[in-house]
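First comes the structure, then the notes that go with it.
Values quoted throughout were computed directly from the atomic coordinates according to the rules given, and no laboratory measurement underlies them. It should be emphasised that the depicted structure is a prediction, and the values quoted were computed from it without experimental measurement. Positions of Cβ are generated from backbone atoms using ideal geometry, with glycine treated the same way; all protein chains shown enter the neighbour counts.
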Amino acid sequence: MAKKEELDEETLALIHWCIEVEGFLVAGGATQKQAQDHIEEQVEWFTDQFYDGLTPEEAAKDALA
């Protein structure tokens, strides 16, 4: 069995933040698949938003604008 790679706290925080963003995108009218695809396609932009201190809701609003 392959050894699991452990993620650092910052990476885990970013992942959880993106999951929250996904929820706001879905609430804004996207399907879950569309939201996931958009986050994956724009991962650098969303990562910047995370490090700039935006809340998941703010980032989702910016993405939907």
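Listed peptides 22-31, 44-53 appear in the order 22-31, 44-53 once ranked by packing, highest mean of other Cβ atoms within 10 Å at the front.
For the chain, evaluate the Debye formula with one uniform point scatterer on each Cα (no solvent term) and list log10 I(q)/I(0) at q = 0.20 Å⁻¹, rounded to two decimals. Cα-only, vacuum Debye calculation for the chain: -0.73.
Between VAL43 and VAL26, the modelled labels are 2.1 nm apart [label points 7 Å from Cα along Cα→Cβ].
In the chain, helices alone account for a calculated mean residue ellipticity at 222 nm of -22500 deg cm²/dmol, with every DSSP H run of four or more residues adding -39,500 (n - 2.57).
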